[in-house]
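The values are calculated or read from the model by the stated rules, or taken from the named source; none is laboratory data. The model shown is predicted, which means the values in this text are computed figures rather than measured ones. Don't worry about glycine lacking a Cβ; one is built from the backbone with ideal geometry, like all the others, and counts go over all protein chains shown.
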Amino acid sequence: MVTPVNRRTVLLAAGAGAAAGLSLPVTAARAHGRTGAKVGFTLNARVLDGGEQIVSITLGATRLGPIDPASLTTGTFAVHARATSPIPIAEGDQIFSEYDVDRPVTAIRLDRRGDIVLDLAYGEGQVGGGTLGYILSRGRNVRLDLAYTITQTAPIRRRDGRPVSIASFVQGKLLNPEVDAFSHHVSRSGMKYRLYTPDRRGAHGPRPVVVWLHGGGEGASLRDDYYDNETTLRANRGALGFATPEAQRIFSGAYVVVPQSTSFWMEDGSRFAPLIREIVAEVARRHPVDERRVHVAGCSNGGYMSLKMTTVYPRLFASSVPVCGIVASLTPGGPQLITDAELAGITTPTWLITSRDDPTVPPEPNTIHAHDLIPRSLMTLYDQVVWNGHRFNGHWSWIYLARNDPSSNGTRVWQWMAARRR
């Protein structure tokens, strides 16, 4: 039988939800009248260090007339959320992070337009707010189908004192400004990618490029043609970090390119390398790119691919930052994925990052071994992964790169990258 697991261990990509509508309970409707209004709402998401969550809901209330904010309390509306897999789950398989829960409303307010905003309880490790599910047998994240149901449970009033009741609520888009700032693209070879374009106002000259290579969970889900071009941005802040105002200031405005594997990078790094190179060339043709300042970074499977790219294209990148990258086979007795000779031959400036307590990619035969062989490489080795007081899985050391935490002799990793030239 299918075993849904309601916990949020791996958290990624979001899906647009289906329409959800509920009438106001009859007793409440009779008590304060009915307008028969149908109100649409959006789901507002944020990518935390552990993945994307729905953090608030905006009700399109401006059409109801000016609402008296004094009539709004956290008990005015109830929110229920259901998240299910977008693809069938095989019998006996598991999907992590499906849920069917009530979402507590922690605050309610009117925004500048006069729409009603419901702030929801959310946080690292909290079940019931994520937008992604992890299918165990595939080792992949998928965008969950989200269905939110809203019920008005108490009266609200207009500023003129007239009562307002809402007959139904219709679910609309999922909005995440950081994710939505990346445009969708497909290369000529069919590889999907997302692209952040820096602000060109007041800028002169070509811009650098940061290529972010995702982990294994964010590639296409095998055997079912699930290939969404979404999970790469919603699973963690790896790519988003480089599009923040802080990073953009450090890099003087950078394009951020996020290719998505049609399976997983380690399946065939030599085959994927030219496809990634094609995307870089495509961006360079269409935008004012400084080809002396093309950087590559990636986590886990993408950490492997970051190293692989510098062995295949030794003169392409100004810097490489592999995070918890894979060098040795994770299967006992398997072949070395990147040979010692290849590592020793890397000439691209390289900064490796990992955590000693990584339970997925052991640091010694991978990051530490690579650091010993790559000439003049830097390495940041954490004891564990902790951010804002929350301890994460030790494999998630990409959180540190996304927050520009690693440093060497007083120089942080983003500044180090930005200073490199090919």
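Key figures
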read-out: Which numbered condition Val186 fails, given (1) in contact with a strand residue (DSSP E or B) (Cβ under 8 Å, 6 or more places away or on another chain); (2) surrounded by 21 or more Cβ atoms within 10 Å (Cβ to Cβ); value: (2)
read-out: Test result for Thr42, at pLDDT 95 or above, assigned by TED's automatic domain parsing to the domain that holds Thr153 and part of a loop (DSSP other than H, G, I, E, B); value: no
read-out: Per-region count, region 19-39, residues in contact with a Leu (Cβ under 8 Å, 6 or more places away or on another chain) and at pLDDT below 95; value: 3
read-out: Identity of the residue in region 376-422, of a type in the set (A, V, I, L, M) and surrounded by fewer than 18 Cβ atoms within 10 Å (Cβ to Cβ), that ends up farthest from Thr347 (Cα to Cα); value: Val386
read-out: Region 178-233 - residue that is acidic (Asp, Glu) and free of Cβ contacts under 8 Å to residues at least 24 places away in the same chain and, of those, nearest to Phe251 (Cα to Cα); value: Asp180
read-out: Residue in region 93-104 that is among the charged types (D, E, K, R) and closer than 22 Å to Ser165 by Cβ present; value: yes
read-out: Residue count for region 38-75, restricted to those that are of a type in the set (A, V, I, L, M, F, W, C) and farther than 19 Å from Arg237 by Cα; value: 10
read-out: Close pairs (7 angstrom Cβ cut-off, 6 or more residues apart or separate chains): in the same structural domain as Cys299 (by TED's automatic domain parsing) in region 379-407, hydroxyl-bearing (Ser, Thr, Tyr) and in a loop (DSSP other than H, G, I, E, B) anywhere; value: Tyr382/Ser397; Val385/Ser397; His395/Ser300; His395/Thr360
read-out: Some residue of region 132-139 being buried (at least 16 other Cβ atoms within 10 Å of the Cβ), outside the structural domain of Thr262 (by TED's automatic domain parsing) and over 23 Å from the mean Cα position of the chain (by Cα); value: no
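Residues are listed down the side, and each one gets a yes or a no for (1) at pLDDT below 95; (2) out of contact with any helix residue (DSSP H, G or I) (no Cβ under 7 Å at 6 or more places or on another chain); (3) farther than 28 Å from Ser252 by Cβ:
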{"position": "Ala344", "(1), (2), (3)": "no, no, yes"}
{"position": "Ser355", "(1), (2), (3)": "no, yes, yes"}
{"position": "Ala370", "(1), (2), (3)": "no, no, yes"}
{"position": "Ser397", "(1), (2), (3)": "no, yes, no"}
{"position": "Pro406", "(1), (2), (3)": "no, no, no"}
{"position": "Trp414", "(1), (2), (3)": "no, no, no"}
{"position": "Ala418", "(1), (2), (3)": "no, no, no"}
